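Novice: Below you will find the structure I want to go over with you.
The values are calculated or read from the model by the stated rules, or taken from the named source; none is laboratory data. Please read these numbers as outputs of a predicted model, since none were measured by experiment. So basically every Cβ, Gly included, is an ideal-geometry build from the backbone, and we count neighbours across all protein chains shown. Note: areas computed on protein heavy atoms with side chains; ligands, DNA, RNA excluded. Shrake-Rupley method; radii C 1.70, N 1.55, O 1.52, S 1.80 Å.
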Amino acid sequence: MEPIIKTENIKVIYNKGQDNEYIALNDISIEVFPEEYSIFFGPSGCGKSTLLYTILGLQKISEGKLYIKGRESSSFSEADKSNLDSQFFGIVFQNFNLIYSLNVIDNIALPQVFLESKKEVRLAKSKTLLARFGIETRAHNLPASLSGGQQQRVAICRALVNDPLVLLADEPVGNLDSESARVVMESIYDINKKDKKTVILVTHDHTFLPYADRIYYFKDAKLEKVVQNTHPKKMIAGAKNLQQEEASETTGSGTGDFTPFGELEKMARAHHFMTVPQLKAWSITNYLTDEFTVNQIERLEKFMEEMLAGKLSEHAFFEKLNAPFSEGGVGLYQGTAIRFTQKISSILREVGAFLQNLKNIKDPQESLKMVDILRKFLLEEYHGSLSQEQIQRLEKGIGERLAGSMNDLQFSELLDKSVSEGGIGLNTLTAEHLSERLEIILAQAYESN
Ligand code: ADP
């Protein structure tokens, strides 16, 4: 497939030739494919936004080439540039960039004015979008009277009103509370999946990575790697869990509230390309890290894997965390390293206890409880409704899978088979997906611990 956007060895230098010259992008070659959801990911200051603005044509390129739909950008006429601006790209910013003296519907219709579309047409388009994003009742209000999440949805409507091919979003939920962020992220996901628009999201927040088809990791003005996610997923439940965990972390309720499903949920998200030990390490690191750089996280994950595999003791793990980055450590302060080690050890104990339980269910009451938990966990990802009969069959299937009298394939077939044939009657994709979720948990319980 031809990329819709391509950069070739792009370099962007701010304040070139001056004392404060700064290389913001160094030798960046990327390809963005049509209808994909791409994320430019990396710590603050690594050059993500600069790349976005370079693609938009707002940032001058010092070296290298930019291609939009196969055409090299230096060949664009003024008319081409204006068309790109108004019809090819829609953009959403962190701070919404609404015009506060115009009401909501006029804000949305504004890009249409530049296309000289008729008033009725532009108002009709704006209204349709407002209704789609659930803010139609606010059409005649001024933006300042709306919540942050609503304002960002207005900005999304404005970005879509000219029906662009590509939606660019620069830290769109950076200023929002977690629930509003979730709604906005779901809207953007919808625009990609339902409207088939190419999406580029700029973010430093790793919790959004599962949304993407392709992730471009940036660090210090360079592209570090590109990871293709073969099973991007919606992560409503995952996002909620994460917020709950963060809440329990910040309110200091400690590990008492910890549920292994938070971790398992995260593991079951999009990381099919990781092995189970990598997943374990990743999920636990993910639970605790936000403020670390990509390189630090990579090292943490490596040490986590070693600790999980029994190659590092708790104390050796602490020392690795505390050692300077330049000496192969993670470079954490002693206090942070201690807190981190304690937290991880307690999580490991709790996850371990849960998995041990799963492994040793002898008591039938316990077994029923476990089946019940697993059923709920599986159905969190299933948005249809099941009859009593289907639920009973599902529970029986989980019980048999737990007891080992059914293998993963048979479990998946049970989910897939029609109700009249004694199955649960889910479609094949859902069946595979749910059985995969169950297998991830079982793999946790039975693999190498
Ligand atoms: P990110 O989006 O990853 O946070 P940016 O692309 O905004 O990073 O910025 C990359 C680096 O370039 C930062 O160190 C920033 O301070 C610097 N920078 C951004 N804009 C300018 C500018 N107009 N002049 C000089 N330096 C800039």
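Novice: Tell me which of these L130 doesn't satisfy, since it passes every other one: (1) at pLDDT 90 or above; (2) away from the ligand (no atom under 16 Å from the Cβ); (3) open to solvent by less than 50 Å² (accessible area, probe 1.4 Å); (4) over 30 Å from D177 (Cα atoms).
Specialist: (4)
Novice: Can you tell me how many residues within region 123-137 are within 27 Å of the chain's Cα centre (by Cα) and part of a helix (DSSP H, G or I)? Break it down into steps so the answer makes sense when it comes.
Specialist: Residues of region 123-137 that are within 27 Å of the chain's Cα centre (by Cα), as a first pass: 129-135.
If we keep only those that are part of a helix (DSSP H, G or I) as well, we get 129-132.
Number satisfying all stated conditions: 4.
Novice: Quick check on region 406-425: of everything there that is among the aliphatic types (A, V, I, L, M) and over 15 Å from Q392 (Cβ atoms), which residue is nearest to the chain's Cα centre (by Cα)?
Specialist: Just the residues of region 406-425 that are among the aliphatic types (A, V, I, L, M), to begin with: 406, 409, 414-415, 419, 424.
Retained after the next criterion (residues that are over 15 Å from Q392 (Cβ atoms)): 406, 409.
Values: M406: 33, L409: 29 Å.
Top of the filtered list is L409.
Novice: On to the next question. Looking at E381, is it of a type in the set (D, E), assigned to a loop (DSSP other than H, G, I, E, B), at pLDDT below 80 and surrounded by 13 or more Cβ atoms within 10 Å (Cβ to Cβ)? Steps first, answer last, please.
Specialist: Numbers: of a type in the set (D, E): yes; assigned to a loop (DSSP other than H, G, I, E, B): yes; at pLDDT below 80: yes; surrounded by 13 or more Cβ atoms within 10 Å (Cβ to Cβ): yes.
So E381 passes the test.
Novice: Regarding region 81-88, can at least one residue be identified that is surrounded by 19 or more Cβ atoms within 10 Å (Cβ to Cβ), among the aliphatic types (A, V, I, L, M) and free of Cβ contacts under 8 Å to residues at least 40 places away in the same chain?
Specialist: Taking every residue of region 81-88 in turn, at least one turns out to be surrounded by 19 or more Cβ atoms within 10 Å (Cβ to Cβ), among the aliphatic types (A, V, I, L, M) and free of Cβ contacts under 8 Å to residues at least 40 places away in the same chain.
Novice: Restricting region 22-55 to residues that are under 26 Å from E298 (Cα atoms) and in contact with a Pro (Cβ under 8 Å, 6 or more places away or on another chain), which is surrounded by the most Cβ atoms within 10 Å (Cβ to Cβ)? Outline the logic, then answer.
Specialist: Looking only at region 22-55, we keep the residues that are under 26 Å from E298 (Cα atoms), and these are 23-32, 36-52.
Of the ones still in play, those that are also in contact with a Pro (Cβ under 8 Å, 6 or more places away or on another chain) are 31-32, 37.
Numbers: E31: 18, V32: 20, Y37: 22.
Taking the candidates together, the pick is Y37.
Novice: Under 7 Å between Cβ atoms, at least 6 apart or on separate chains: pull out the pairs that start in region 323-352 with a residue that is open to solvent by 60 Å² or more (accessible area, probe 1.4 Å) and of a type in the set (A, V, I, L, M, F, W, C) and end on any residue that is part of a helix (DSSP H, G or I) and at pLDDT 90 or above.
Specialist: I338/F318
Novice: Please state which of the following conditions E2 fails to meet, knowing it meets all the rest: (1) at pLDDT below 95; (2) of a type outside the set (S, T, N, Q); (3) within 12 Å of the ligand (Cβ to nearest atom).
Specialist: (3)
Novice: Considering only residues that are outside any loop (DSSP other than H, G, I, E, B) and at pLDDT 90 or above, which ones fall in region 159-179?
Specialist: Applying the first criterion (outside any loop (DSSP other than H, G, I, E, B)) to region 159-179 yields 159-160, 166-170, 178-179.
If the condition is that a residue be outside any loop (DSSP other than H, G, I, E, B) and at pLDDT 90 or above, then A159, L160, V166, L167, L168, A169, D170 are the ones that fit.
Novice: What number of residues within region 189-206 are buried (at least 18 other Cβ atoms within 10 Å of the Cβ) and without any contact (Cβ under 8 Å) to a residue 40 or more places away in the chain?
Specialist: 1
Novice: Considering every residue within region 31-48, establish whether at least one is touching a Phe, Trp or Tyr at 6+ places or on another chain (Cβ under 7 Å), more than 11 Å from the ligand (Cβ to nearest atom) and assigned to a loop (DSSP other than H, G, I, E, B).
Specialist: no
Novice: Still on this structure: Just to be sure, is E63 open to solvent by 60 Å² or more (accessible area, probe 1.4 Å), under 25 Å from N192 (Cα atoms) and at pLDDT 95 or above? Quick ask: steps written out before the conclusion?
Specialist: Values: open to solvent by 60 Å² or more (accessible area, probe 1.4 Å): yes; under 25 Å from N192 (Cα atoms): no; at pLDDT 95 or above: yes.
Considered against the rule, which asks whether it is open to solvent by 60 Å² or more (accessible area, probe 1.4 Å), under 25 Å from N192 (Cα atoms) and at pLDDT 95 or above, E63 comes out as no.
Novice: Residue check: is D19 among the charged types (D, E, K, R), at pLDDT below 95, surrounded by 13 or more Cβ atoms within 10 Å (Cβ to Cβ) and more than 11 Å from the ligand (Cβ to nearest atom)?
Specialist: Numbers: among the charged types (D, E, K, R): yes; at pLDDT below 95: yes; surrounded by 13 or more Cβ atoms within 10 Å (Cβ to Cβ): no; more than 11 Å from the ligand (Cβ to nearest atom): yes.
No, not satisfied.
Novice: Filter region 13-30 for residues that are out of contact with any helix residue (DSSP H, G or I) (no Cβ under 6 Å at 6 or more places or on another chain) and either in a strand (DSSP E or B) or basic (K, R) (or both) and give the result.
Specialist: In the first step, residues of region 13-30 are kept if they are out of contact with any helix residue (DSSP H, G or I) (no Cβ under 6 Å at 6 or more places or on another chain); the result is 13-23, 26-30.
The answer is I13, Y14, K16, Y22, I23, N26, D27, I28, S29, I30.
Novice: Test L102 against the stated conditions and say whether it is modelled with pLDDT under 90 and out of contact with any Asp or Glu (no Cβ under 9 Å at 6 or more places or on another chain). Give the derivation first.
Specialist: On the way: modelled with pLDDT under 90: yes; out of contact with any Asp or Glu (no Cβ under 9 Å at 6 or more places or on another chain): yes.
Against the criterion (modelled with pLDDT under 90 and out of contact with any Asp or Glu (no Cβ under 9 Å at 6 or more places or on another chain)), L102 qualifies.
Novice: What do you reckon, is I10 open to solvent by less than 60 Å² (accessible area, probe 1.4 Å), within 16 Å of the ligand (Cβ to nearest atom) and not in a helix (DSSP H, G or I)? Lay out the reasoning, then the answer.
Specialist: Numbers: open to solvent by less than 60 Å² (accessible area, probe 1.4 Å): yes; within 16 Å of the ligand (Cβ to nearest atom): yes; not in a helix (DSSP H, G or I): yes.
When the stated conditions are applied, I10 passes them.
Okay, residues lined up against (1) more than 14 Å from the ligand (Cβ to nearest atom); (2) part of a strand (DSSP E or B); (3) of a type in the set (A, V, I, L, M, F, W, C); (4) open to solvent by 50 Å² or more (accessible area, probe 1.4 Å):
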position	(1), (2), (3), (4)
G57	yes, no, no, yes
Y67	yes, yes, no, no
Q94	no, no, no, yes
Y100	yes, no, no, yes
D106	yes, no, no, yes
E116	yes, no, no, yes
V121	yes, no, yes, yes
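Novice: Does E136 meet the test of being of a type in the set (D, E) and modelled with pLDDT of 90 or more?
Specialist: It is true that E136 is of a type in the set (D, E) and modelled with pLDDT of 90 or more.
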